[in-house]
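A short worksheet on the structure shown next.
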Amino acid sequence: MTLPRWQQNWRKSSLHAGPSSRMSLGGFRRSPRAMVITLAVIAFANSAYYLILAYLPSYLQTELKMSSDSALLLSVLVMGSMMIAVPFFGRLGDRYGRRPLLAASAALYLLLAVQVVSLLNSGNETTVYLTAILAGLALAPYAASSCAALTILFPRSSRFTAFTLAYNVSTALFGGSIAFNV
């Protein structure tokens, strides 16, 4: 009995064997630069995200005596504004390139950092809300293009494994621990 053509092709390919049979540490050894770049880019992104979305509400509650409802509403508004803005910045990244978008977003966020902190300490709830939303919008281009820009740095043979390893190590080191670093 002759197998259907799709089954013949499937058996010839290495896809049916699963990722563990083809993956080796060679992908990691061949791309240490990509690993370091991914660690750095994701460290910046996670530090900024967790600072705005996780640490800021508790800071506002403890230091500025804002109600928990108001502080958590702020997180929802920031995430909502980012969710609306990300597709537009994704389109810009497709049109003008991901690297310029990443660089512009990081530079804008770093330039705004001191002003954001001073405005957050103003005590005016409207100013605090607008400032946090502005900081979130400064990160939206970063969120729109970082994963797409970083995965292509790795060789195809280990692209997703290497990327997810670097991404998750960076998230563990710089994302969840941001409250200890601030």
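Taken together, the values in this text are just the output of simple stated rules run on the coordinates, not laboratory data. All of these numbers come straight from a predicted model, not from anything done at the bench. Heads up, the Cβs are rebuilt from the backbone with ideal geometry, glycines too, and the neighbour counts pull from every protein chain shown.
A simple rule links phi to the HN-Hα coupling: the Karplus curve 6.51 cos²θ - 1.76 cosθ + 1.60 with θ = phi - 60°, which for segment 29-40 gives 5, 7, 9, x, 4, 5, 5, 5, 4, 5, 4, 5 Hz, with x for Gly and Pro. Couplings for segment 66-82, taken from phi via the Karplus curve 6.51 cos²θ - 1.76 cosθ + 1.60 with θ = phi - 60°, read 7, 5, 5, 4, 5, 5, 6, 4, 4, 4, 5, 5, 5, 5, x, 5, 5 Hz in order; Gly and Pro are left as x. Given +1 at the Cβ of Lys and Arg, -1 at the Cβ of Asp and Glu and no other charges, the dipole of segment 45-176 around its Cα centre is 620 debye to the nearest 20. Per-residue 3J(HN,Hα) values for segment 156-167, derived from phi via the Karplus relation 6.51 cos²θ - 1.76 cosθ + 1.60 with θ = phi - 60°, read 4, 5, 9, 3, 6, 5, 5, 4, 5, 5, 4, 4 Hz in sequence order (x marks Gly and Pro). Residue separation of residue 130 and residue 148 scaled by 0.36 nm, minus their Cα-Cα distance, works out to 3.6 nm of gained length. Find out how many positive minus negative residues lie around residue 40, taking Lys and Arg as positive, Asp and Glu as negative, among other residues whose Cβ is under 15 Å from that of residue 40. Spelling it out: positives minus negatives among the neighbours equals +2.
Loop-located trypsin sites (Lys or Arg not before Pro) in segment 47-117 (DSSP state not H, G, I, E or B) with no more than 15 neighbouring Cβ atoms inside 10 Å: 65.
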